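Here's the structure we're looking at; comments come further down.
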Amino acid sequence: MLLHVDKVHKRYGRRVALAGVSLSVAPGETVAVMGPSGCGKSTLLRCIHRLTPWDEGEIYFDGAPVGPMRPAEVRRLRRQIGFVFQHFHLIERLTVLDNILLGLVLGGVPKEEAVDRARSALARVHLQAEESLYPAQLSGGQRQRVAIARALALAPRLMLLDEPTAALDPILVGEVLEVMEDLARTRSTGMLVVTHEVRFAMRAADRVVLMDGGAVVDDGPPEEVFARRRSRIAQSYGRLLVS
Amino acid sequence: MSLLREPFWKEYVIVIALTVVLGAGCAAGTARALDAAFGEATKSLLGDAGQYDLIVHVRQDYREAAGRELARVLASRHPDIGVVPGITVAGNANFLVKLPESLLEQEALEDVAAGLADVPGFNGYTWLLEPSVTVSGLQPAMRDLVAREAAAVPGVRAAVRSGSSVTVLLEGIEGRERVAAALRELVEGRQVVEVRLPGTSDLNAVRSALAPFVITELSEDGSGTPPSLAVLRDVLASLATRVRVRTGAEPLEVGEWVVLQGSAPSPPVPGAPPSPDNLVVEIARVSGMEASGWIVKGDARSTLVQPVVPPDGGALAAAEGGGAVQTAFRLVEGAVGPAVGEALLESPRLALARGLAGDGFAGRELAQLAELAREAADRLGEMAALVTPEAAEQATEQRAERLVRALRAGDGATAVRETLLGVALSVLARKLQEETAADASGAAPGDGTAAPAQVDPGTDSGGPSLRFDATQLAQLRDSLMALADAAEALERGTAGELLAGLLDMQQLVGSLRDDEITGLLRIVERAGGGAAAEPRLQFLVDDEVSPSEMETVLRRATGDAPAIIAARAGVVNPSARSLLIELLADVRRSIAALVAVLVAGAALVLDHATVLAALRGLNVRSTAVNAAGAVLGALLLGGVWALSGAELPFLGTAGAAAAGAALGLVTALMSERLSPVRAEEVLAGQSLGLTDGQILREIVVPAGRPGLLSLVNRWRRQFR
Ligand SMILES: Nc1ncnc2c1ncn2[C@@H]1O[C@H](COP(=O)(O)OP(=O)(O)O)[C@@H](O)[C@H]1O
Ligand SMILES: [Mg+2]
């Protein structure tokens, strides 16, 4: 198992964000995490990336527990797990290429190799022509694709994507989903995608994990999960699918 | 914490150091610029700093002559002394004097000042020496002590005595505070205590009794009178005509005046004012029925040369050739009052003249006498300059002070000569005493010892005014010069010259007027602080010590009943220019301080708020970030402060560090609002597996405001 989250609990003060979440992702597998706003999806991703500490349970990456990792190990972990944020989080002062090079070069990849890898990552998101532009010169969809390329360039074994299309104009959502579906199809990397795109989940995800109130309420192949309508939330996604 | 091991912090420390250095540079540069501007202002008021060293004041009407003479006097000290006429203020013409570097040391400066007395119409001088600190209100012994101690303070170039003050010339302006502090330590919080003792006191017993209170003893030779003054006093006293009065039922009191017939054709008439030919005598000592005193008006020579022997040839019969007896009348409110007794007039001068005519002096003594006479003549020359009609307007005290200075100018170099002079004088005095005592003993029963030359010092109230004019003093001086010549002639010893010398001397010694001598005596008394008969000890003691406490201790230990008089030891004050400069320096420092605060504030906002905000983004605990801000602020402001010397009157380096800490804390608390760096970018950096240092260097700082940090950081940054 590439990733295994084992009964993770996380509280912010008295508010419970995660109440014993467990899930796994196999290598090359694409898992869609779905659930209402505030149910703890982002918190879960942040815990996996060690951006937020948790209270109980453990997260295993490649069989190794993430919790006790020391800073250097955490950095190595992060280079193996790409993170794509809802709001892109590009470095505004750097060009598209430099944004991608940043992680590579500072991570110790020789400059020339880094440039090659960065360009091929850009090619995968169809943005070769934009490499010398600045984020401010790009559309939202382009920015998110740059963010995906930035994560991809590090050749991660797992990608965490936190509502990558939620901040986009509806007409720009398609280009990003297309890139993501493409990625999923190649199975070169595991993907844990937080999304509200039922269609994407149906088409690209191997499994869907449904969360509510900080806990996993269903976990299975998309058509089964949506068909089961085991929870109120599954029902509403199912309705969405039908329409 | 791994965060602290990041190489980024090396750059950060460099930036802090650079900020401090540059900030201090800015503050100091501002201060320099202000100095230049303020310098112009000062220059227009007082001339350039160090342009002139001395202002000589002369009476306006002597301006021309004084200018010429001043130039000559100064040129005789050094060819390179420059004199420029300055403005005339309040009846005084001023001359600005620039001294060459080589004269800027104590002896040379005091020497220059002493020479000024020769300038006609001389009316004082003011040192403009810069940079300097002045200690004023000093008594003579204290002044010398301060001068000595000040000269030993590092950074002091010269300690120049003038009047009751010491002008301390510094090597550089930066030493001023420190030297002033050293001087303050010496004089402030201390007092000079003068212990006046009965003549019978054992001075060493007194000293040991008071030892616990005493910081140092100021008196020399157990007497408050400087040796050269004591010598001069003895000379004068030995020359003055003595008057002893035997009173009847009503004794006289010290300080009272009596009138004698003198050379007037008839005795004084009660109720009428005394005539110019009468003698007025001030009573200086009273012991029982006998009083003695000095002639303050008139001259007894003619009386003594043709003695008026009282008709009854009574108990106070005049000694043969040496004295005369006249009736003494009290002087009551300027008029002749009732008779109080018989007065015996004795003139050691005439005795001396006769003595010289008789057996004469041995050769060595004569040599000493010659020297003594020259010395006395020299000093009288100085005195003549002080007793010019112009100078007579000055307060007696001031005049006395200057007299002391004039007399003391030769102190160090002529110490040996002074000792010799002392010997010569004591020989002379002994001889005179022997003779007068022999004369008097037969004539004045009940007074076996000849009254030594003394004047009661306590009688300055209503004392006689000093009535010398320059001509009289010049005459006196010439006489003494002639006396010296005569003595030298005697020494060489040919018979004819010897005879001529003796005759000259006889004539000269006799040519001094009694009231002149008494007047001189009085100046000396005032200048020197009293006669030797009532010993005085001067001590420097702490302010805490009360004179009454000392008195009690002394009384218990020795049984003496001393009079103890305390006075402030002195005051340290900057010169006029220093005061102005100090004021401007304060303004300058305040502005420099403001610049320092601005630099530190700018660095905090531009550079460090960004970093502090990023630290929060990197999950560093809030209290740690706040502490870091405070430490940073303290380092920056404290450092700039310490390095630039920007001192507000109320804030030292520690204070500045504290203020900086407050500023830094505020910056830390507001860092997220002050910083333009987006937290998402920091998060992105973390998610890419960058180290905290890489995040700070490549993401945080470049996105921050353009400060020193982003400048330095630029070299190490990989993504430009
Ligand atoms: N930094 C935080 N501090 C306090 N509460 C938080 C923080 N982040 C998230 N939460 C809370 O934790 C719960 C889960 O949030 P989140 O993981 O963002 O949900 P989702 O991504 O599913 O919308 C929510 O109730 C949210 O308000
Ligand atoms: Mg979320």
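So how compact is segment A:157-207: Cα radius of gyration and Dmax in angstrom?
In order Rg, Dmax, the Cα atoms of segment A:157-207 give 10.3, 30 Å.
Sort B:GLU346, B:GLU101, B:GLU549 by accessible area with a 1.4 Å probe, largest first.
Details: B:GLU346 20, B:GLU101 115, B:GLU549 85 Å².
Largest accessible area first, the list is B:GLU101, B:GLU549, B:GLU346.
Once fully extended, how much extra length lies between B:VAL13 and B:ALA205, figured as 0.36 nm per residue of separation less the alpha-carbon to alpha-carbon distance? Please report the intermediate quantities before stating the final value.
Working: separation 192, 0.36 × 192 = 69.12 nm, distance 6.78 nm.
Separation in residues times 0.36 nm, less the Cα-Cα distance, equals 62.3 nm.
Is there a simple number for the mean count of other chain Cβ atoms within 10 Å of the Cβ of residues in B:676-687, and what is it? Before the final figure, lay out each step's value.
Working: counts 0, 0, 4, 1, 8, 6, 2, 7, 13, 5, 8, 17.
Mean partner-chain Cβ count within 10 Å for B:676-687: 6.
Mind listing the long-range amide H neighbours of B:GLY341? Cut-off is under 5 Å, sequence gap 5 or more, other chains count too, H placed in the peptide plane at 1.01 Å from N.
Correct list: B:ALA328.
Listed highest first by mean packing, meaning other Cβ atoms within 10 Å per residue, what order do A:18-30, B:263-275, A:87-99 come in?
Top to bottom by mean Cβ count within 10 Å: A:87-99, A:18-30, B:263-275.
Using the beta-carbon distance between A:ARG76 and A:ARG187 and R0 = 30 Å, what value does 1/(1 + (r/R0)^6) give for FRET efficiency, to the nearest 0.05?
Numbers: r = 23 Å, r/R0 = 0.77.
After rounding to 0.05, the efficiency reads 0.85.
Per q in 0.14 1/Å, what log10 I(q)/I(0) does a Debye calculation on the alpha-carbon atoms of segment B:93-182 return?
-0.48
In nanometres, what is the gap between the two model label sites at B:GLU549 and B:VAL332, each 7 Å from Cα along Cα-to-Cβ?
Computed distance between label sites B:GLU549 and B:VAL332 equals 5.0 nm.
7 Å from Cα along Cα→Cβ at both A:ASP169 and B:ILE591: what's the point-to-point distance in nm?
Taking the simple label geometry, A:ASP169 and B:ILE591 are separated by 5.8 nm.
Taking θ as phi - 60°, what are the ³J(HN,Hα) couplings along segment A:98-115 by the Karplus curve (6.51, -1.76, 1.60), each to the nearest whole Hz, with x for Gly and Pro?
5, 4, 7, 5, 3, x, 5, 5, 5, x, x, 6, x, 3, 5, 4, 4, 5
How well do other chains shield peptide A:90-99, expressed as the mean number of their Cβ atoms within 10 Å of each residue Cβ? Present the calculation step by step, with values, prior to reporting the outcome.
On the way: counts 3, 12, 5, 7, 7, 1, 0, 0, 4, 3.
Mean partner shielding for this stretch: 4.
Hull surface divided by four, with the convex hull built on the Cα atoms of chain A: how many nm²?
Details: hull surface 51.5 nm².
For chain A, averaging the hull's shadow over all directions gives 12.9 nm².
With a cap of 16 neighbouring Cβ atoms within 10 Å, and only residues DSSP puts in a loop, list the chymotrypsin sites (Phe, Trp or Tyr not before Pro) found in segment B:88-149.
Numbers: sites: B:PHE95, B:PHE122, B:TYR125, B:TRP127; in loops: none.
Of the chymotrypsin sites (Phe, Trp or Tyr not before Pro), not one in the loops of segment B:88-149 has a Cβ with at most 16 other Cβ atoms within 10 Å.
Above 20 Å lies some portion of the pair distances; for segment A:59-196, what is it as a whole percent of all C-alpha pairs?
44 percent
Going from most exposed to least, what order do A:VAL8, B:VAL597 have by accessible area with a 1.4 Å probe? Please report the intermediate quantities before stating the final value.
Working: A:VAL8 0, B:VAL597 60 Å².
Result of the area sort, largest leading: B:VAL597, A:VAL8.
Enumerate the whole-percent occupancy of each 5 Å bin, from 0 to the last occupied one, for all C-alpha pair distances of segment A:48-107.
Percent of Cα pairs in each bin: 4, 15, 23, 21, 16, 13, 7, 2, 0.
Give me the summed buried accessible area for the A-B pair, 1.4 Å probe, to the nearest 100 Å². Don't skip to the answer; put the middle values down first.
Details: alone 11160 and 32020 Å², together 41070 Å².
Between A and B, the summed buried area is about 2100 Å².
Check which residues have an amide H placed less than 5 Å from A:VAL216's amide H, if you skip close sequence neighbours.
A:SER22
For segment A:9-24, take each phi angle, set θ = phi - 60°, evaluate the Karplus expression 6.51 cos²θ - 1.76 cosθ + 1.60, and give the result in whole Hz per residue in order, putting x for glycine and proline.
For segment A:9-24, the Karplus-derived couplings read 10, 8, 10, 9, x, 8, 7, 8, 9, 10, 10, x, 7, 10, 6, 9 Hz, x marking Gly and Pro.
Would you pull out the residues with amide H under 5 Å of B:ILE215's amide H, same chain only if 5 or more places away, H placed 1.01 Å from N?
For B:ILE215, whose amide H was placed from the backbone, the distant partners under 5 Å are B:LEU540, B:VAL541, B:ASP542.
Please tell me the relative contact order of chain A in percent, rounded to the nearest whole number, where contacts are Cα pairs under 8 Å and at least six residues apart. All intermediate terms of the calculation are to be shown ahead of the outcome.
Working: 478 pairs, mean separation 65.1, N = 243.
Computed over chain A, the figure is 27 percent.
If you count, for each residue, the other Cβ atoms within 10 Å and average over each peptide, how do B:327-339, B:133-145 line up from highest to lowest?
Details: B:327-339: 16.8, B:133-145: 22.8.
Top of the packing list down: B:133-145, B:327-339.
Loop-only check: which GluC sites (Glu not before Pro) in segment A:170-243 are DSSP coil with at most 12 other Cβ within 10 angstrom? Don't skip to the answer; put the middle values down first.
Values: sites: A:GLU175, A:GLU178, A:GLU181, A:GLU197, A:GLU223, A:GLU224; in loops: A:GLU197.
Within segment A:170-243, no GluC sites (Glu not before Pro) qualify (loop, at most 12 other Cβ atoms within 10 Å).
Could you calculate the contour length gain from B:VAL84 to B:ARG714, that is, 0.36 nm times the residue separation minus the distance between their Cα atoms, to one decimal place in nm? Mind showing how you got there, number by number?
Details: separation 630, 0.36 × 630 = 226.80 nm, distance 6.09 nm.
Gain in length upon complete extension: 220.7 nm.
Residue by residue through segment B:285-291, which ³J(HN,Hα) values in whole Hz follow from phi under the Karplus form 6.51 cos²θ - 1.76 cosθ + 1.60 (θ = phi - 60°), with glycine and proline marked x?
Once θ is set to phi - 60°, the couplings for segment B:285-291 become 9, 10, 9, x, 7, 10, 10 Hz.
Mind grabbing the accessible area of B:ILE14 for me, 1.4 Å probe, Å², rounded to tens?
B:ILE14 has an accessible surface of roughly 90 Å² with all protein chains in place.
The values are calculated or read from the model by the stated rules, or taken from the named source; none is laboratory data. Since we're looking at a predicted model, the values are computed, not measured. Cβ atoms come from the backbone with ideal geometry, glycine included; neighbour counts cover every protein chain shown. With ligands, DNA and RNA removed, areas are computed over all heavy atoms of the protein, side chains included. Shrake-Rupley method; radii C 1.70, N 1.55, O 1.52, S 1.80 Å.
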